[in-house]
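This report concerns only the one structure given below.
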Amino acid sequence: MKTIPTLREKKRYLAFEVMSEKTLNRQELVREILNSMISIYGDKGASEINPSLMSFDGKCGILRCEREKRLETRSGLACINNIHGIRVSILVLGISGTIKGATEKFIQQTLINRSEPEKNKL
Amino acid sequence: MIASYILNMSLIIPPPNNRISISLDSIIKPIMSLFGSKFYDFYTHPDDAGLMAMEGKRYGYSGITVIGHDANEKTIFPEDFSIYRGIEIKAKPSRIREEIKKHRDSGHILIVKGGEEEINRAAVETEGLDILLHPLEFNNVLAKAASDNSVSLGFNLGLLIRLQGVARVRELKTMRINLNHARKYKLQLILTSDAHSIYDLRAPREMAAISSLFGMTEKEAVDAMSASPLNILRRKSLDYIQEGIEIL
């Protein structure tokens, strides 16, 4: 059954980019994000942040979080440094209210910006 | 006939009112301007300075300080990006004063990595030091001496990124104490990432988010990455003579 709109949780979507030595799979990343948030904010804080990975293709991804907990989500992502011996850093590209907005505004933009300098060289 | 009439009508319509756009700007700008300034990272030691600079520019920095690396001509640095040389002074507490005096006029950025009280005291009481990074034992006497000699207090966020568990709790505790002293004596703050490779670097917004873990506000974090580094650079410039005296 649908929740009524006023009781629905307010959410935000973070578009992020992963820089890593080797490509990661989805399961490893999800586990590490949860671990990092639990180690900083504890079980209670992590449940309030309510993170869930919407999509991840090895490079860019979208993470859902609570609207009021954007800062906490950012610091949780920023404290990830190492996943099973692979060095990792996560850069948040931007925050949006919808998945479509996050994809169009941030992820596609970075892909376009990435490909343009190569075209100029050729 | 109708077409000409429409043309005339279009001429009569006044140009869009400028006042609306100005008022919108004034609403939007204060929110945007927090992260619209130039950002600097003052404590990195990369193996490949060129790669680090490229990555730093992509993350949104406009300059980094490289420690213990002689930039040779082969490394290619990106445009609109400045690289400063920093000197980290590692010496016994009794030798720190002499070392600072030796390097004071070199124009490089002087950093002492804080530790026990003797090191901190020797560093803070000498004029000419720029940054005291992450002192472990900090108290009101040292804070007052630091504000007299205009030494900035550095926070090493790399520790929070790399450590976990009990060790991170300890570092957070010392940072909280340091921040309280800095607020009381109005010290300049500096946020650094202590990056050894490109994977240790974090974007300015992420740095602000990490610094909120030990109670720093967003405004303080932005000032610590843009205003106080610029202040240090201004003091290092050739036109600067003394606080309040400057060649124009």
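The values are calculated or read from the model by the stated rules, or taken from the named source; none is laboratory data. What you see is a predicted model; the values in this text were computed from it and never measured. Cβ placement follows ideal geometry from the backbone for every residue including glycine, while neighbour counts extend to all protein chains displayed.
Some notes on this structure:
- In segment B:143-162, residue nearest to residue B:191 (Cα to Cα) [restricted to those that are buried (at least 23 other Cβ atoms within 10 Å of the Cβ) and without any contact (Cβ under 8 Å) to a residue 40 or more places away in the chain]: B:153
Conditions (1) closer than 27 Å to residue B:242 by Cβ; (2) in contact with a Ser or Thr (Cβ under 6 Å, 6 or more places away or on another chain); (3) away from chain A (no Cβ under 14 Å), marked per residue:
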site	(1), (2), (3)
B:92	no, no, yes
B:130	yes, no, yes
B:140	yes, no, yes
B:149	yes, no, yes
B:152	yes, yes, yes
B:159	no, no, no
B:178	no, no, yes
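- Residue that is farthest from the other protein chains (Cβ to nearest Cβ), among those in segment A:44-76 that are assigned to a helix (DSSP H, G or I) and among the aliphatic types (A, V, I, L, M): A:46
- Residue tally, condition buried (at least 19 other Cβ atoms within 10 Å of the Cβ) and either of a type outside the set (Gly, Ala, Ser) or not in a helix (DSSP H, G or I) (or both), over segment B:221-248: 6
- Looking across segment B:163-176, the residues that are part of a helix (DSSP H, G or I) and crowded, with 16+ Cβ neighbours inside 10 Å come down to B:168, B:171, B:172, B:174, B:175.
- Looking only at segment A:77-99, residues that are within 14 Å of the chain's Cα centre (by Cα) and more than 13 Å from every other protein chain (Cβ to nearest Cβ) come to 4 in all.
- Number of the condition not met by residue B:140 [criteria: (1) touching an Asp or Glu at 6+ places or on another chain (Cβ under 9 Å); (2) more than 19 Å from residue B:42 (Cβ to Cβ); (3) surrounded by fewer than 16 Cβ atoms within 10 Å (Cβ to Cβ)]: (1)
- Whichever residue in segment B:177-208 is basic (Lys, Arg) and in a helix (DSSP H, G or I) and, among such residues, is surrounded by the fewest Cβ atoms within 10 Å (Cβ to Cβ): B:184
- All conditions but one from (1) out of contact with any strand residue (DSSP E or B) (no Cβ under 6 Å at 6 or more places or on another chain); (2) away from chain B (no Cβ under 14 Å); (3) in contact (Cβ under 8 Å) with a residue 24 or more places away in the chain; (4) more than 22 Å from residue B:211 (Cβ to Cβ) apply to residue A:102; the one that does not is (1).
- Subset of segment B:117-157 (residues that are more than 24 Å from residue B:196 (Cα to Cα) and assigned to a loop (DSSP other than H, G, I, E, B)): B:125, B:126, B:127, B:128, B:137, B:138, B:139, B:149, B:150, B:151
- Summed over segment A:1-47, residues that are under 23 Å from residue B:214 (Cβ atoms) and surrounded by 13 or more Cβ atoms within 10 Å (Cβ to Cβ) total 14.
- Residue A:39 being part of a strand (DSSP E or B) and of a type in the set (S, T, N, Q): no
- Close pairs from segment B:203-222: first more than 11 Å from chain A (Cβ to nearest Cβ), partner of a type in the set (Lys, Arg) and not in a helix (DSSP H, G or I), Cβ under 6 Å, at least 6 apart: none
- Checked against (1) under 22 Å from residue B:211 (Cβ atoms); (2) touching a residue at least 12 places away in the same chain (Cβ under 8 Å), residue A:84 passes all but a single condition, namely (1).
- Residue check for residue A:74: under 17 Å from residue B:205 (Cβ atoms), of a type in the set (D, E, K, R) and touching a residue at least 40 places away in the same chain (Cβ under 8 Å): yes
- Residue in segment B:203-214 that is on the phi > 0 side of the Ramachandran plot and touching a helix residue (DSSP H, G or I) at 6+ places or on another chain (Cβ under 6 Å) present: no
- Restricting attention to segment B:69-89 and to residues that are in a loop (DSSP other than H, G, I, E, B) and surrounded by 11 or more Cβ atoms within 10 Å (Cβ to Cβ), the residue that is modelled with the highest pLDDT turns out to be B:89.
- Meets criteria (touching an Asp or Glu at 6+ places or on another chain (Cβ under 7 Å) and either in contact (Cβ under 8 Å) with a residue 40 or more places away in the chain or within 14 Å of another protein chain (Cβ to nearest Cβ) (or both)) for residue A:32: no
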